[in-house]
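Read the structure below first, then the notes.
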């Protein structure tokens, strides 16, 4: 398609994505093929094909800037003198032209002159064959563009989402980041250390697609331990002669064995709505919340605070509202027991009639101990737990089809089992079972996980209060203009307090509580939060009176404030 016409001084854009361009002394219509075809027309022939890699930004100010391309004719040869390089310097609309030369085969070349000064260059390539068919790479309205800059002072721009806490079994994690720069990125790497005073390590990131880079920490799981804090930052260096560098803020995350908050049931026997109900602090939790107590009471003298007390009353129990349904999965049940007297007969600790699944003392249980039994369960003795205090963990590991018993954080017994498959529970109860005699003594920190805790987790948590974080709540849809951390209120407090913080933009937020020795005692927030104003409600019932500090970190902002707990 072409028009014979007196050429205007510059190219003219027309509607529909087409463009009238000057080639030699002819006016040609460059059609946007897609728009033209959608309009109901069809191109009869395809013109010359131009393959070209656009020029990149450069620090060469004097030029020339060599433009190479490969032009493949279709059926007929190219028109003499019709292959041209159109270019401009710091002008988005007026283009000069240079005739391109053909050194060999289908190779064509042309030079854009420099002038010794920094500038923005735009260019495109056009040709025409003997059938007046057009080939182009770029156009006046959509040219190729590059910058000529003498001294580069621009640092790379790095984008990275900070890593969250890492399960030890999943170490090493992979760092993903992207970076942009006018001259491209030469390399990216991560510097990191274990602990505040640890030695620095480094590993390089590998180039991916587009602007993405990634790489895993140069360490294996034997070199980290649960509780370690990893500090790291991502560094990028550009490809300019100045090799400008920049880095992210220093981020940190915790090495954890897994979430230690139970996911099914967690009774702390603390701050309950009434004397006859108990909260389930598991996340997400199952069953009734609160759950109802029958013939059991709450009393002081527990592992950390108040606890459950029973006197072997018939039908005593907590009605959890959960039907045992762990299927073939692993699970862990743990509890603190104390003041267990030698029983006159069977006393039940927990159970579910649907599988005759129960744990009890007395009767056929070993003297001074308990037993776990049920349909399809080989009896599991739990020895020497009287009178207490004793923390027991009952761990069913489906990977090895065995039940392990831990006492006070130490493995005490392992009993092989046929694979469990609990799917037909009819009501899991705590502190009792059916209409038989329930708990006689004290129970605290009843925890039920739908997974097998490993030895490190049990060792870490058997004598640890997992705490209570009652919620992180957005309080306003208005976007604040700056980061802030407010003083907690009330202060001093006992045991509840609230902490406000504000985020002008989304970020990964960590908020932690420390004692006066700098030891971390609680993580309140450890997740991505959208921009907004928030309130954290914190329950410090399990902490001793004294001075504590809370610290927030998000998007490079950090702040610390002091609070006082008085009991």
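Just a few scattered comments:
- Each label point was placed 7 Å from the Cα along the Cα-to-Cβ direction; for residue 561 and residue 506 their separation is 2.6 nm.
- Take 400-411, 432-443 and order them by the average number of nearby Cβ atoms within 10 Å per residue, most first; the result is 432-443, 400-411.
- Full extension of the chain segment joining residue 496 with residue 314 gains 61.9 nm, where the gain is 0.36 nm per residue of separation less the Cα-Cα distance.
- Using all pairs of distinct alpha-carbon atoms, the Kirkwood hydrodynamic radius of the range 306-347 works out to 13.7 angstrom.
- Set against the 2.2 N^0.38 Å expectation for a compact globular protein, the range 468-565 has a Cα radius of gyration ratio of 1.02.
- Entry note, the chain: the mean residue ellipticity at 222 nm calculated from DSSP H runs of n ≥ 4, each adding -39500 (n - 2.57), is -500 deg cm²/dmol after division by the residues and rounding to the nearest 500.
- When each of the peptides 334-342, 62-70 is scored by how many other beta carbons lie within 10 Å of its residues on average, the order from highest to lowest is 334-342, 62-70.
- Spin-label zone in the range 116-148 - amide nitrogen under 12 Å from a point set 7 Å from the Cα of residue 96 along the C-beta vector: 116
- Ranked by the mean number of other Cβ atoms within 10 Å per residue, highest first, peptides 120-130, 381-391, 510-520 order as 120-130, 381-391, 510-520.
- Mean Cα-pair separation over length for the range 92-251, i.e. relative contact order, pairs under 8 Å, 6 or more apart, %: 20 percent
- For the chain, the Stokes-Einstein estimate of translational diffusion at 10 °C and a viscosity of 1.306 mPa s comes to 53 µm²/s, using the Kirkwood hydrodynamic radius over alpha-carbon pairs.
- Contact order relative to length of the chain, as percent, for alpha carbon pairs under 8 angstrom and 6 or more apart: 9 percent
- Theoretical FRET efficiency, 1/(1+(r/R0)^6), r = Cβ-Cβ of residue 378 and residue 411, R0 25 Å, to 0.05: 0.90
- Shape class for the range 265-461, computed from the alpha carbon gyration tensor (a ≥ b ≥ c): rounded, with a/c under 1.5.
Coordinate-derived values only; no laboratory data. Only a predicted model underlies this, so the values are computations on that prediction, with no experimental measurement involved. Here Cβ is always computed from backbone atoms with ideal geometry, including for glycine, and neighbour counts include all displayed protein chains.
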